[in-house]
Structures are given as C-alpha cells and as structure tokens.
1. Which one of these is surrounded by 13 or more Cβ atoms within 10 Å (Cβ to Cβ), free of Cβ contacts under 8 Å to residues at least 40 places away in the same chain and either in a helix (DSSP H, G or I) or not aliphatic (A, V, I, L, M) (or both): Pro76, Pro21, Pro43?
2. Answer yes if at least one residue in segment 52-59 is touching a Ser or Thr at 6+ places or on another chain (Cβ under 7 Å) and open to solvent by 70 Å² or more (accessible area, probe 1.4 Å), and no otherwise.
3. Which one of these is in contact (Cβ under 8 Å) with a residue 12 or more places away in the chain, under 20 Å from Ala60 (Cβ atoms) and among the small types (Gly, Ala, Ser): Ala105, Ala99, Ala140, Ala111?
4. Would you confirm whether any residue within segment 80-88 is open to solvent by less than 30 Å² (accessible area, probe 1.4 Å) and assigned to a helix (DSSP H, G or I)?
5. In this structure, does Tyr121 turn out to be loosely packed, with under 15 Cβ neighbours inside 10 Å and at pLDDT 95 or above?
Amino acid sequence: MKGGYSLAQIGLHWLVALLVPVQYLTGGSIERTHHAVHMGVTPSYWDVVQHHLHNYAGMAIGLLMAVRLILRILQPTEAIIPGTWTGRVATALHHAFYAAIIAQACMGFVASYFWFGIAPYHVAGSRIILAMVALHLAAAAWHTLVARDETVDRMVFPRRKRSTQER
C-alpha cells in the first residue's frame with residue numbers, strides 16, 4: 001500500500017465527515033430562530049437546540065480542521081500519482097476543502113457573534129462545500145469501483161512505518 005495518513009489524520013477526517021452532515025441538518029434552525037425572534041415570538045425549543053448544536057458543531061469543525069491542517073503540514077503524505085492531471089485535481093480539491101471548511105467555520109462564528117451580514121456568504125459557502133463533498137464522494141467511488149486502487153484505503157488504514165528495507 002502506498003504511504004497514507006496517520007491514525008490521527010484519519011480519525012480527524014472521519015470526525016469532520018460525521019459533523020458536516022449535522023451542519024446541513026441543523027442549518028435551517030438558524031433562520032427559523034431568528035425569524036421567530038424578529039416577529040416577537042418565542043422560537044421553538046427544538047429550533048433553539050438545533051441552533052446551538054449548529055453553532056458549536058461548526059466551531060468544533062473549524063478547530064478540528066485547523067488541527068488537520070497542522071498535522072498535514074507536519075506529517076505530509078506521499079503523492080499518489082504526482083504530476084498527472086488527476087493528481088493535480090485531487091491536490092487542488094484537498095487544498096480547497098481545507099480553505100473552504102475553515103473559512104466556513106470562521107464565517108459562521110462571525111455571523112453568530114459579530115456581524116450577521118456575512119450570513120449570505122456563509123450560506124453560499126455551504127453550497128460550495130456540498131458540491132465539493134459530492135465530487136469527493138464521486139472520486140472515492142470511482143477509485144473503489146472503477147480504478148480498484150488503494151486510494152480510499154489510505155483514509156481507512158493508518159500508514160505503517162517504513163522498514164529500513166523499504167527505504
């Protein structure tokens with residue numbers, strides 16, 4: 001198997017992968033809660049719970065992605081197919097994921113605590129990330145079902161330390 005990710009990188013990837021859908025499932029509560037308050041009505045208890053869950057899960061995602069970025073810098077992976085157009089697209093998508101998700105968490109924090117005017121950009125960012133996730137899942141399915149290579153294994157099985165014979 002080609003060089004993969006560390007156990008910490010894999011764990012952080014899957015934790016973020018579990019938290020991102022929470023954001024999509026709870027995001028509608030933000031508008032409902034703010035609308036109710038604006039209309040002078042007490043928002044539903046469940047909407048308030050979802051609103052808080054959305055905010056705190058978003059902050060957790062931002063922090064987890066920052067840790068992932070630091071680990072990625074400190075523990076770089078070996079390129080799968082360096083120099084090919086697919087390798088360059090994969091690298092670009094991964095860099096875009098880091099930038100988009102960290103920016104999204106920052107915009108959500110700003111919208112929640114400082115300036116709600118950034119909220120439309122936060123919503124647009126969520127749609128961009130959703131498209132990126134769809135592309136990411138399609139690429140994972142292609143690698144698993146069509147190419148039948150070990151690309152997805154890199155994010156499932158931790159990299160093993162290379163023996164002196166392999167070096």
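The values are calculated or read from the model by the stated rules, or taken from the named source; none is laboratory data. From a predicted model like this one, the values you see are computed outputs, not experimental measurements. With ideal geometry, Cβ positions are generated from the backbone for all residues, glycine too; neighbour counts draw on all protein chains shown. Heads up: the accessible areas ignore ligands, DNA and RNA and are worked out on the full protein's heavy atoms, side chains in. Shrake-Rupley method; radii C 1.70, N 1.55, O 1.52, S 1.80 Å.
1. Details: Pro76 fails: surrounded by 13 or more Cβ atoms within 10 Å (Cβ to Cβ); Pro21 fails: surrounded by 13 or more Cβ atoms within 10 Å (Cβ to Cβ).
Answer to the selection: Pro43.
2. Just the residues of segment 52-59 that are touching a Ser or Thr at 6+ places or on another chain (Cβ under 7 Å), to begin with: 53-55.
Going one step further and asking which of them are open to solvent by 70 Å² or more (accessible area, probe 1.4 Å), we end up with 53.
Yes: one or more hits.
3. That would be Ala105, the only listed residue that is in contact (Cβ under 8 Å) with a residue 12 or more places away in the chain, under 20 Å from Ala60 (Cβ atoms) and among the small types (Gly, Ala, Ser).
4. Within segment 80-88 (the criterion being open to solvent by less than 30 Å² (accessible area, probe 1.4 Å) and assigned to a helix (DSSP H, G or I)), the answer is yes, since at least one residue qualifies.
5. When the stated conditions are applied, Tyr121 passes them.
Yes/no per residue for (1) over 15 Å from the mean Cα position of the chain (by Cα); (2) modelled with pLDDT under 95:
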site: Met65; (1), (2): no, no
site: Arg72; (1), (2): no, yes
site: Thr77; (1), (2): yes, yes
site: Ile80; (1), (2): yes, yes
site: Gly87; (1), (2): yes, yes
site: Leu93; (1), (2): no, yes
site: Ile101; (1), (2): no, no
site: Val110; (1), (2): yes, no
